[in-house]
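Take a look at the structure set out below.
A short reminder: the numbers here are calculations on the coordinates, not readings from a lab. Since we're looking at a predicted model, the values are computed, not measured. Neighbour counts run over all protein chains shown; Cβ positions are idealised from the backbone, glycine included.
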Amino acid sequence: MNQFAENIHPIHDNLAMPKYLEDQPTSEPYIWGITGGSGGVGVTTICTQLAYWLAKPKKRRPLQSSKTCLVELDFENGSLSQYLDSPAKVEFDVFCQPPDRLDQDLVKSWLTRTAFGFSLFSIPTAINGNHLVNSDTVLKCLDHICTLFDYIVIDIPQLWAPWTQAALATADRIAVVTQLNVPALHLARRRSEGLINAVDELNKTDFILNKVERRSFRSNLKVADAERAFDVPYVNPLALCNDQVREALNRGEPVGATYPESRFVRDTNDVFETWFKQSQSRADDRKAVI
């Protein structure tokens, strides 16, 4: 994991192609890691939407359209290529070899600059792929990616591998995604506790409660029940919008590009805005100390 730690923060139908600024090396990207308490809870959809939100130009964040990257880390079940209709540019066998020939220019050639304002690092998949790849090669590739961007969103699989722990240890923010049912809440709490126990640099996780039915009489569970289950003052609820999410997936787009006014998008935007303000506050605090 020492190679991955070299360059990143030690604490943890007609879309126009964006105009990118020159790629300047970045020594401390801000890294978001999103993982699931269980399978099928919407991690990849949320990661894609977060990358889209970060990359979308705003008056208060004018430079972000060129400095955001969405990264996938699952060599067996990864689905970002399918979600964004963007095949991986690198062969699987490359990650089974020693990392000696990897350099920044080669890694840059594997990145896809999407029409949504962010770059994508999608990986080829294979049966038993997570056990076949060379961990040092994966970590060196990630290290090079981290020299190129200000903001990195990592879709962290549920598997445990050396690169998984490295990503968790170096992420500035980790969120566990779950749903509002008893088994999912139990699994999410166990997942969060397991991550904190396994990674020394990680002292807490955020929780995202996805697919919440705001006016449902079919369930007696409420958002407050999740907060009590996780022993936290607040969880981030995202509205259930199956039709809009399904349509975005079929189009190979982030939900925000297809349905910018959907309740799901408005909920995610609120969460991301809060996270971003907190990240800026922490960055200002670090600068003040320095």
How large is log10 I(q)/I(0) at q = 0.14 Å⁻¹ when the Debye formula is applied to the Cα atoms of the range 188-260, each weighted equally and without solvent?
-> -0.63
Lys and Arg at +1, Asp and Glu at -1: neighbours of T164 with Cβ under 14 Å from its Cβ sum to -4
Shape call for the range 50-205 from the C-alpha gyration tensor, a ≥ b ≥ c root eigenvalues: rounded (a/c under 1.5), prolate (a/b greater than b/c) or oblate?
-> oblate
